[in-house]
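Asker: My questions will all concern the structure given below.
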Amino acid sequence: MKFKHLVFLSGFVVTTTFSGCNQTTENKETAGTKPNILLVVADDLGFSDVAPFGGNIHTPVISRLANEGLAFSNFHVQPTCSPTRSSLLTGSDNHVAGIGIMSEMEYPELAALNLPGYQGALTKQVVTIPEVLRRYGYHTYMVGKWHLGEDPGQDPYDRGFEETFILGTGGGSHWDDKKALSPLQHMDYTRNGKPVELPEDFYSSRNYTDSLISFIDKNKADKKPFFTYLSYTAVHDPLHVPEDYIEKYKGKFDMGWDSLWIERLENLKALGIISKEVNRFSKNPQIPAWDSLPLAAKEQFARDMEVYAGMLEYLDLSIGRVFDYLKKEGMYDNTLIIFMSDNGANGATATLYPGNEDGEYLGTFDNSIANRGLRNSYIETGAGWAQASSSPFRYFKSFATEGGIRVPLIIKTPGNMENAGEWNHGFVHVTDIMPTVLEFANALYPEKYNDNDIHPLIGESIMPVLTGDSVTIHTNDGFGWELFEMKAYILGDWKLLRLPQPFGTGDWELYNLKDDPAETTDLSAQFPDIKSALIENWNKYAENNDVYDHNGHFDELYRKNYMPPEND
């Protein structure tokens, strides 16, 4: 039977609905047997970049994790980083969480409306995973990228994390020089809410890992479980990695992005992620054919992908260091491990960040072939390689197409999993992570927190999928998207999609993802009733989640500020 359960813990009101009558609420005095939880998020990692998802980059640690855990081929996030992170940490739609817009983007008309869903920072109508788990006896640690607010009271130290070493903004140099993505942005690091300077030998993936291990090690004697948010800034641009990791991939991408796209596609078909019967794919026509490029351009682009690959391998090594520490301390077997990317591969160029249009700031970097990927360089993967990393899906980061919102997910539960090494192809949404974590921690989601009414969760625990009792938990559930005038709604195999021109028609389109994962054939004329029903569902989604329907007013701003129709 289902019933409401209400308890009071030190003034913390907890209300939830659950099935059965044997569940109990535990506080910090009874938390000793609870699992540790390690949430690892890569930044701008493409769907097929890691080896277990068909990639040709050396990622042995992530491959072993896939062999020990369950890999998900149908996991969906938000189109860009901060919206995904808001949904991840709160179990809510990004608008409810206050991140219906990225704080660094310029939308004066929207800002003037002062809408709660478009504040660019977490709102008080959501509660975070660490805010809940600290009430249940967990240590809560975070290192890496925050990107959910920088004003007083918005640091992760103010939102439930007891130990932090974080970058407040969305990205920038991976070295100690703190060179931002554009002259209009900055790079501020904080330690437990207070500004800190970086050591001279700083490299993001290494130092984030060092800090996290030190946090866990500091408190390991008390035997309390921990929740850790390991939020790497790799592989976000600018692409940086120690030189010896670049050398590992010298010459390995000389075949170009068209060949890599085909290689990834064939690998995904072999894995069963893409049906061998599916033969409709649509490459981005704005990306030039590799063979049409001059030799100097090929050399430059190949070097950039070598840097990206080395950067990903170093990220894999860093994750392995955390695993090795947990194994050495006897903690690994009692740890829930979640690995994911925050969005699809990044196809934007540096000139598209506000403030970089004139090229003056970008001209201060040394992007010679020998220095690309090293200190004082500023390079990115660009649309060509991002397309290959997103094969066979349409577009990439910032788009509500599958290339922007479908990303790798691997979950390993504590102990040995009976379904270890298997694939799950059922739909999973980023808002499912929080209720899953809370169920493992035997923690209840609150209706109130700090006297604020908390928005109900929209995700569901995927525990039945992890235990092998169910293929999917979303048989009849639909989910909506809206960002930068990109709109989508997925229900079962059907997807409603709206892309502003010139990326789409500017009107609603209808796709069957099972038959057409690349979204090549609009089925609106053949299935008008399904399209109408999904439009009604999207409108209800918008109404329930603080979404402001721009009605196309911001299409031009999107094209101007984020992704122009041509890629140089």
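The values are calculated or read from the model by the stated rules, or taken from the named source; none is laboratory data. It should be emphasised that the depicted structure is a prediction, and the values quoted were computed from it without experimental measurement. As a convention, Cβ positions derive from the backbone with ideal geometry for all residues, glycine included, and neighbour counts pool all protein chains shown.
Asker: Kindly establish whether G144 is within 26 Å of P238 (Cβ to Cβ), modelled with pLDDT under 95 and not aliphatic (A, V, I, L, M). Working first, answer last.
Answerer: Working: within 26 Å of P238 (Cβ to Cβ): yes; modelled with pLDDT under 95: no; not aliphatic (A, V, I, L, M): yes.
Answer is no for this residue.
Asker: Also: Any residue that is touching a residue at least 60 places away in the same chain (Cβ under 8 Å) and either outside any loop (DSSP other than H, G, I, E, B) or within 26 Å of F396 (Cα to Cα) (or both) - is there at least one of those in the stretch 470-477?
Answerer: Scanning the stretch 470-477 turns up no residue that is touching a residue at least 60 places away in the same chain (Cβ under 8 Å) and either outside any loop (DSSP other than H, G, I, E, B) or within 26 Å of F396 (Cα to Cα) (or both).
Asker: Further question on the same structure: Run down Y141, Y136 and say which single residue is in contact with a Leu (Cβ under 7 Å, 6 or more places away or on another chain) and crowded, with 20+ Cβ neighbours inside 10 Å.
Answerer: When all the criteria are applied, what remains is Y141.
Asker: Looking at the stretch 90-136 only, could you name the residues that are aromatic (F, W, Y) and modelled with pLDDT under 95?
Answerer: Selection gives Y107, Y118.
Asker: State which residue is farthest from the chain's Cα centre (by Cα) when the search covers only the stretch 376-393 and only residues that are at pLDDT 95 or above and assigned to a loop (DSSP other than H, G, I, E, B).
Answerer: Top of the filtered list is N376.
Asker: What pairs can you find where one residue is in the stretch 348-364 and crowded, with 18+ Cβ neighbours inside 10 Å, the other is in a loop (DSSP other than H, G, I, E, B) and at pLDDT below 90, and their Cβ atoms are less than 8 Å apart, with a gap of 6+ or different chains?
Answerer: From the stretch 348-364, the pairs are A348/Y562; A348/M563; T349/N567; T349/D568; L352/Y562; L352/M563; L352/P564; Y353/E104.
Asker: Which of the residues spanning the stretch 485-505 are touching a Ser or Thr at 6+ places or on another chain (Cβ under 8 Å) and surrounded by fewer than 22 Cβ atoms within 10 Å (Cβ to Cβ)?
Answerer: G492
Asker: Starting from the stretch 448-463, keep only residues that are among the basic types (K, R), then list their pairs with residues that are assigned to a strand (DSSP E or B) and surrounded by fewer than 20 Cβ atoms within 10 Å (Cβ to Cβ) whose Cβ atoms are within a distance under 8 Å, requiring at least 6 positions of separation or different chains.
Answerer: These pairs meet every condition: K448/V13; K448/T15.
Asker: Mind listing whichever residues of the stretch 415-434 are outside any loop (DSSP other than H, G, I, E, B) and crowded, with 20+ Cβ neighbours inside 10 Å?
Answerer: Selection gives N424, V428, H429, V430, T431, D432, I433, M434.
Asker: Looking at the structure I just gave you, is G100 in contact with a strand residue (DSSP E or B) (Cβ under 9 Å, 6 or more places away or on another chain), part of a loop (DSSP other than H, G, I, E, B) and not hydrophobic (A, V, I, L, M, F, W, C)?
Answerer: Here the answer is yes, as G100 does meet what is asked.
Asker: Same structure, new question: Report, by residue number, each residue of the stretch 174-205 that is touching a Leu at 6+ places or on another chain (Cβ under 9 Å) and either closer than 20 Å to E243 by Cβ or in a loop (DSSP other than H, G, I, E, B) (or both).
Answerer: H174, W175, D176, D177, K178, S182, M187, D188, S204, S205
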